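Contents: one structure, followed by commentary.
Derivation of every value follows stated rules applied to the coordinates shown; laboratory data play no part. Just so it is clear, the structure is predicted and the values come from calculations on it, not from any experiment. Heads up, the Cβs are rebuilt from the backbone with ideal geometry, glycines too, and the neighbour counts pull from every protein chain shown.
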Amino acid sequence: MKAHIHYTERLSGRLDPPSSKNYTTRYLLAAALAEGESVVHFPAHSDDGEAMRRCLAGFGAQLREERGAQGRTHLHIRGFGRHPANPGVVDPGNAGAVLRLLMGVGALLPEVRFETRFAESLGQRPHGDLLAALEQLGAQTESEGGRLPLTLRRHQLRGGRVRVSGARSSQYLSALLFLAPLIGEAVEIEVIDHLVSQPLIRTTLEVLAQAGIQVEAAADLLHFRFPAGQHYQPREYTVNGDYPSSAAILAAGAVTNSPIAVDRLFEDCQGERAVIPLLRQMGVAVEYDGRSAALLGHQGLRAVDFDGDTATDMVLAMSGAAAFAEGESRFHGIANLRLKECDRISVPVRELRRLGVDCAEGPAEILVRGNPEGYEGGVEVPTYHDHRVAQLLTIVGLRCRRGLTVLDAETVGKSYPAFFQDLIGLGARIELVE
């Protein structure tokens with residue numbers, strides 16, 4: 001699908017954002033790891049959410065969805081506990097977080113193989129640090145240099161002490177945190193090197209607590225201790241709105257200086273909640289009441305200096321806003337963005353330059369020198385199978401005088417299938433062509 005983005009003077013209105021992708025995948029997994037029926041209210045209907053549902057069904061979970069008032073959905077899940085069925089092969093699509101969380105489940109099986117159709121995206125992402133940790137717990141692994149396809153064998157899972165690097169991704173640690181209560185023995189997890197994206201670990205810990213799992217976590221999130229003999233409990237979970245998706249909408253509102261509001265944004269563990277204070281630093285008047293965020297306008301966007309480590313999923317959207325700010329913005333602490341669906345440092349810089357944006361990259365940073373007057377545009381831009389890149393280019397395209405065309409625009413479905421339709425509903429001039 002192509003998305004023709006036309007110059008848009010102004011947006012207006014309010015919307016209900018998609019549900020959190022990260023909470024949805026974790027709640028679905030916690031429900032599947034319990035024996036009995038759990039309910040997940042308002043799960044995200046994104047590619048990642050669908051990938052998790054499909055894979056959990058392959059492991060033996062029984063899923064039944066009900067549609068309630070205002071089209072809201074409620075997902076009933078009867079879990080498999082610590083005894084998953086063997087699907088033989090698990091294909092998570094292009095969902096890296098889903099893959100890594102489920103690698104922990106795979107370690108419970110005599111043998112299971114993980115592979116993907118997205119050889120140029122997920123197929124290039126590294127998983128060696130997680131494989132090394134699973135081997136410390138007694139699993140046997142085979143892989144292509146730590147990449148897909150890979151095979152796990154249970155061999156003889158045991159408790160004890162395991163060390164894992166958190167320098168590349170927090171997803172490795174989250175996988176171990178979900179697996180540890182299922183081993184049956186006490187487990188200690190030590191994080192070495194460094195831990196990126198700490199808010200996502202707090203999200204995992206919040207979900208584990210709701211599922212009845214006890215874990216002692218150090219304040220710096222570098223050491224964890226699980227008592228033996230634990231079981232996931234069936235529960236009811238409610239998914240909040242997704243801050244990363246909302247950040248893209250709010251960034252679009254900022255570049256068009258528009259009065260828009262996004263609902264269902266509660267105070268939870270999502271690191272991308274930082275979008276609200278960051279927009280204020282950029283000069284945007286933002287009203288937030290703990291439930292919704294409303295943009296009230298600005299007198300010109302200002303450059304910012306932002307440590308993106310705790311809010312990596314909104315860095316590209318806010319880089320799009322920075323392209324129209326006065327001065328040089330710096331987004332730093334984001335080295336792990338190079339290990340996403342694409343290199344989210346080099347690729348955005350390259351494509352923004354094609355649009356005339358003055359920007360540069362460092363090993364772990366993006367520099368953007370904004371132009372409040374906007375850009376000419378008039379070109380086609382690829383997405384590299386990356387939903388955040390598609391959102392970034394759309395945000396910038398709204399203020400390109402000749403617009404731009406986003407190729408493979410359907411990739412937004414990974415996190416926000418209704419992204420273009422919601423922008424159109426707010427007044428954006430966008431044509432979608434199959």
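Are there GluC sites (Glu not before Pro) in region 328-392 that DSSP marks as loop and that have at most 11 other Cβ atoms within 10 Å, and which are they? Walk me through the numbers on the way to the answer.
Details: sites: Glu328, Glu341, Glu351, Glu361, Glu365, Glu373, Glu376, Glu380; in loops: Glu341, Glu373, Glu376.
Those that pass, being in a loop and sparsely packed, are Glu373.
With both residues required to sit in the chain, DSSP beta bridges show an antiparallel share near 70%.
Provide the percentage of antiparallel DSSP beta bridges, counting only those with both residues in region 21-238; round to the nearest 5. Let's see the in-between values first.
On the way: 25 of 38 bridges.
That works out to approximately 65 percent antiparallel.
Find how much the distance from Glu9 to Glu190 grows on full extension, using 0.36 nm per residue of separation minus their present alpha carbon separation; answer in nm with one decimal.
Numbers: separation 181, 0.36 × 181 = 65.16 nm, distance 5.17 nm.
Separation in residues times 0.36 nm, less the Cα-Cα distance, equals 60.0 nm.
Based on Cα contacts under 8 Å between residues 6+ apart, the chain shows a relative contact order of 20 percent.
Taking Cα atoms only, the orientation of helix 96-106 departs from the longest principal axis of the chain by about 10 degrees. Placing +1 on the Cβ of every Lys and Arg and -1 on the Cβ of every Asp and Glu, with nothing else charged, gives the chain a dipole about its Cα centre of roughly 340 debye.
According to the square roots a ≥ b ≥ c of the eigenvalues of the Cα gyration tensor, what is the shape class of the chain, taking rounded for a/c under 1.5, prolate for a/b larger than b/c otherwise, and oblate for the remainder?
Working: a/c = 1.85, a/b = 1.68, b/c = 1.11.
In terms of gyration-tensor shape, prolate.
From its DSSP helices (H runs of at least four residues, each -39,500 (n - 2.57)), the chain gives a residue-normalised ellipticity at 222 nm of -8000 deg cm²/dmol.
Principal-axis analysis of the Cα atoms of the chain puts helix 243-255 at an angle of about 10° to the longest axis.
Between 0 and 90 degrees, the angle of helix 47-58 with respect to the longest Cα principal axis of the chain falls at about 20 degrees. With labels modelled as points extended 7 Å from the Cα through the Cβ direction, what inter-label distance (nm, one decimal) is found for Arg225 paired with Asp268? Taking the two extended label points, one gets 3.1 nm.
The calculated FRET efficiency for the pair Glu328 and Gln124, based on their C-beta separation and a Förster distance of 30 Å, comes to about 0.45.
Where a ≥ b ≥ c are the square roots of the eigenvalues of the C-alpha gyration tensor, would you call region 72-131 rounded, which needs a/c under 1.5, or, failing that, prolate if a/b is larger than b/c, or oblate? Could the numbers behind the result be given before it?
Working: a/c = 2.04, a/b = 1.29, b/c = 1.58.
Note, shape of region 72-131 comes out oblate.
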